[in-house]
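Here the structure is laid out as structure tokens; the discussion comes afterwards.
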Amino acid sequence: MGASILVRGGRIVDPSQNLDEVGNLLIADGKVAAIGRTAGVDAERTIDAKDLIVAPGLIDMHVHLREPGNEERETIESGTAAAAAGGFTAVACMPNTSPPLDSDAGIEFVLRQAARVASTRVYPIGAITKGRAGKELAEVGLMLRAGAVAFSDDGDGIMDSGVCLRAMQYISMFGRLFIQHCEDKSLVGRGCMNAGPTATRLGLPGLPAIAEEVMVQRDITLARQSGCRYHVAHISTAGAVELVRRAKAAGQMVTTEVCPHHLLLTDEACVTYDPNYKMNPPLRSQMDVSACVEGVRDGTIDCLVTDHAPHSHQDKEMGFQEAPFGIIGLESALPLFIEALVAPRVIDWPRLIHMLSTRPAELLQVPGGSLRPGAAADVTLIDPQMEWTLDAERMRSRSRNTPFHGRTVRGRAVMTIVGGEVRFSLA
Amino acid sequence: MTPAAGETPVWTRKHLLTLRELSREEILYILDTAESFKEVSTRSIKKVPALRGRVVVNMFFEESTRTRVSFELAAQRLSADVIDFTEKMSSTQKGESLVDTARNIEAMGVDFMILRHPSAGAALDLTRAVDCCVINAGDGQHAHPTQGLLDLFTIRETKGRIEGLNVAIVGDIAHSRVARSDLQGLLKLGAKVTLVGPPTLVPAAFRQLGASVVHNLDAILPEMDVVNMLRIQKERITSSVFPSVREYVQLFGMDRARLKRCKPDVLIMHPGPVNRGIELAADVADGPSSSILRQVTNGLAVRMAVLFLCQQAASGAAA
């Protein structure tokens, strides 16, 4: 429990209460004690939030913390430090560690490490199948008891439809989110960038959009049969967005998320063969980017995530075709979402906070996403106007693999408070 | 149809295939008959001449110990001659069909075929091929009517009634002929049946058969009068219907802690054989709430009743 804190005179944006007004926020005993225009009382610490947005802490529900197994790329300590610096008060970490998080022992390890060293809350996502091999169910119930909040085989979508259906049925018993990386492996071969004219010109094997869409389509059918809460990870194609839109219109429990790079960059960025533009799903066409933006606008897309995927410089140096997929994102996501969505008025600030905080908390069924009195004081202070340059060398992540290095952006988290404790402060 | 007693016999069937086709009155008639046969087992000479001179063939195409022995003993106590047709060394393994095998056996002059077969519908097929009585001792995942009857008998014996009772059946419902027969019998006699297990083992379609389907055992235990724990097959792990024995036990195993959540007079049943420490903890299986051995005892009486009634009906029809 930190000292009592008065955050004074900020623009409080809390979608959970439909709140968007200038006021004070009082934090005491690690909780939100009071909120509103007249909430000012004496506190041990006062923070002037004039011209700042005061939001419920941001939650990134798609992060790779690499621990255990790949600590040279990231650790729970470094990854959550990066998260706090990016304005996140909580992250959900994917199970593609080494060994994978497919047992209660793995989940307990992550939570124990997090309790020791993490700057943010850490919500482990357990594997759906043993070894993420897509064959036998992992101990979902035991992982849930140990603290897993959702389930995913992450980078490997479950190819076998029978296994996938039974896994959905089994997980539906617990009411937790089934998160799928949608990619039909039989359609992608050795692909390393979006299949299309640019890949053809560059002589690089392609990852076709239909590989994503085929699995989304199949999964929606399976999810309807199983009754599970189904979530499409990092959606990236126009066709997939349309499939989710239709499933939602039909009343199905289907949700999805999108990354900043799929809202800002196209596959033409790959022309320099810079592996920092290599990720999975890959950068797509302009039509796909526009469809993702439209999906955010009309509510088809529920959440904004980073898919923070650290890789060492050494790994990324191997050249475009050989380099691993993935880029880091925790320290650049907020200004990039502002650039892609708020600046061009696709959505407003309350909607942005909803998609970065309130909605992920709902989907993961975790606390957070709200500044209601009594809630844990997870708060992010954002300067929406601050102009700054993204600098990979100054990031807290152990890895530097970002295509946004050197980009001038607007908007930045200036303070991150977790449970009433200041875990990051720019000043 | 309410004939005066003695005018039209309640029981007119020569086969027993499922409980689904039986009326409530027919089921109760078997249970009542079984009660009088149970008394036979308490005599010093445990034999009655009801089936003297009749031939009963046990045709078991699947592993079974207790059902086979139970039928054999039931037939012997009724003074029938019993032949055991074992699945191994039989011509079915040389490609002879069930029906051909059965016709050949029937040609030797038999009165009863007790059939256990891995294919659903096998007993019905058999009735179309032979003239003798056919008793279904388990066909695939479809039905096991004498197990259903002995479970009903045991519940009625313990609770004094079946109507209005809350009965849970826990475990691998999807692959269980016992669950299907229990469900049919219990619903006919007015019990409320709740099927419990992971959705991979308890398909929602069972709701359309009249049962409640629940995935949280702890939530329903306090209301249950009877909890029937089914045997779990470890082979199901590789087909991804549940992840491990450890997880299954935590979610669906009956142990002393869960027993304490039940009504004090709850009846714990199991069709056997028990995986001790998995679906049922050893101390619960052997404890005062358990009816496992009594079920086996009652199975004998129920099977005597079924053989006796079918024989009577067959003789009546022939006369």
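Below, the figures for the structure above:
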{"item": "Positive-end residue, the protein assembly as shown charge dipole about Cα centroid, Cβ charges, pick of B:49, A:223, B:266", "result": "B:49"}
{"item": "Segment A:57-364 shape via C-alpha gyration tensor axes, a/c threshold 1.5", "result": "rounded"}
{"item": "Antiparallel DSSP beta bridges within the protein assembly as shown, as percent of all bridges there, nearest 5", "result": "35 percent"}
{"item": "Top of A:60, A:307, A:219 by mean-square fluctuation, Gaussian network on chain A, Cα under 10 Å", "result": "A:219"}
{"item": "Heavy atoms of residue B:157: accessible area, 1.4 Å probe, square angstrom to 10", "result": "80 Å²"}
{"item": "Neighbourhood charge, 14 Å Cβ-Cβ cut-off, centred on residue A:211 and excluding it, Lys, Arg +1 and Asp, Glu -1", "result": "-3"}
{"item": "Amide proton proximity set for residue A:22, modelled H, under 5 Å, gap of 5+", "result": "A:12"}
{"item": "Exposure ranking of A:156, B:182 by accessible area [1.4 Å probe, largest first]", "result": "A:156, B:182"}
{"item": "Within segment A:1-144: Cβ-based charge dipole about Cα centre, in debye rounded to nearest 20 (Lys, Arg +1; Asp, Glu -1)", "result": "100 debye"}
{"item": "Solvent-free Debye scattering, log10 I(q)/I(0), computed from the Cα coordinates of chain B at q = 0.07, 0.11, 0.13 Å⁻¹", "result": "-0.28, -0.69, -0.96"}
{"item": "Where A meets B: accessible area buried, both sides, 1.4 Å probe, Å²", "result": "1500 Å²"}
{"item": "Length gained when the stretch residue B:161-residue B:84 is fully extended (0.36 nm per residue, less Cα-Cα span)", "result": "24.1 nm"}
{"item": "Check: segment A:64-157 dipole with +1 on Lys, Arg Cβ and -1 on Asp, Glu Cβ, in debye", "result": "200 debye"}
{"item": "Degrees between helix B:145-159 axis and first principal axis of chain B (Cα, 0 to 90, nearest 10)", "result": "60 degrees"}
{"item": "Rounded accessible area of residue B:254 (nearest 10 Å², 1.4 Å probe)", "result": "0 Å²"}
{"item": "Spacing of the two label points (7 Å from each Cα toward its C-beta) at residue A:3 and residue B:119, in nm", "result": "8.3 nm"}
{"item": "Most mobile of A:13, A:22, A:122 in a GNM of chain A (Cα contacts under 10 Å)", "result": "A:22"}
{"item": "Occluded residues from segment A:136-163, i.e. those whose accessible area drops by 40 Å² or more once the chain is not alone (1.4 Å probe)", "result": "A:136, A:137, A:139, A:142, A:145"}
{"item": "Separation between Cα centres of segment A:254-325 and segment B:169-219, rounded to whole Å", "result": "47 Å"}
{"item": "Heavy-atom surface of the protein assembly as shown, accessible at 1.4 Å and reported per residue (Å²)", "result": "38 Å²"}
{"item": "Rg(Cα)/(2.2 N^0.38 Å) for segment A:313-394, N = residue count", "result": "1.43"}
{"item": "Carbon plus sulfur fraction of accessible area for chain B, probe 1.4 Å, in percent", "result": "52 percent"}
{"item": "For a label point 7 Å along the Cα-to-beta-carbon line of residue B:175, residues of segment A:130-165 with backbone N under 16 Å", "result": "A:136-137, A:163"}
{"item": "Counted charge near residue B:232, where neighbours are those whose Cβ lies closer than 13 Å (Asp, Glu -1; Lys, Arg +1)", "result": "+1"}
{"item": "Residue-span extension gain [residue A:186 to residue A:250] - 0.36 nm each, minus C-alpha spacing", "result": "20.1 nm"}
{"item": "Positive minus negative residues near residue A:113 (Lys, Arg vs Asp, Glu; Cβ under 10 Å)", "result": "-1"}
{"item": "Cα→Cβ-extended label distance, 7 Å offset, between residue A:372 and residue A:50, nm", "result": "3.3 nm"}
{"item": "Förster-model FRET efficiency, 25 Å R0, residue A:286 and residue A:117, C-beta, rounded to 0.05", "result": "0.05"}
{"item": "For q = 0.11, 0.12, 0.20 Å⁻¹, Debye-computed log10 I/I(0) when each Cα of segment B:162-238 counts as one equal scatterer", "result": "-0.24, -0.29, -0.80"}
{"item": "Residue A:313 versus residue A:145: modelled label distance in nm, points set 7 Å from Cα along the beta carbon direction", "result": "4.7 nm"}
{"item": "GNM flexibility winner over chain A from A:54, A:117, A:149 (Cα, springs under 10 Å)", "result": "A:117"}
{"item": "Fraction in percent of alpha-carbon pairs per bin - 5 Å, segment B:145-293", "result": "2, 10, 22, 25, 23, 13, 4, 1, 0"}
{"item": "Solvent-accessible area of residue A:109 with every protein chain in place, 1.4 Å probe, in Å² to the nearest 10", "result": "60 Å²"}
{"item": "Residues of segment B:28-70 with amide N under 16 Å of a point placed 7 Å along Cα→Cβ from residue B:108", "result": "B:54-61"}
{"item": "Segment A:166-303 - charge dipole about Cα centre, Lys and Arg +1 at Cβ, Asp and Glu -1, debye rounded to 20", "result": "460 debye"}
{"item": "Surface/4 of the Cα convex hull for segment A:268-423, nm²", "result": "10.2 nm²"}
{"item": "Approximate shape of the protein assembly as shown as ellipsoid semi-axes (Cα gyration tensor, √5λ), whole Å, largest first", "result": "65, 29, 20"}
{"item": "Amide H contacts of residue B:169 (H built 1.01 Å from N, under 5 Å, at least 5 apart or other chain)", "result": "B:194, B:195, B:196, B:228"}
{"item": "Heavy-atom accessible area, 1.4 Å probe, ligands and nucleic acids excluded: residues of segment B:240-270 down by at least 50 Å² from chain alone", "result": "B:240, B:243, B:246, B:247, B:250, B:251"}
{"item": "Segment A:277-333 shape via C-alpha gyration tensor axes, a/c threshold 1.5", "result": "oblate"}
{"item": "Computed helical MRE - 222 nm, the protein assembly as shown, DSSP H runs ≥ 4 contributing -39500 (n - 2.57), nearest 500", "result": "-9500 deg cm²/dmol"}
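The values are calculated or read from the model by the stated rules, or taken from the named source; none is laboratory data. Being a predicted model, the structure only gives us computed values, none of them experimental. So basically every Cβ, Gly included, is an ideal-geometry build from the backbone, and we count neighbours across all protein chains shown. Side chains included, ligands, DNA and RNA excluded: accessible areas come from the protein's heavy atoms. Shrake-Rupley method; radii C 1.70, N 1.55, O 1.52, S 1.80 Å.
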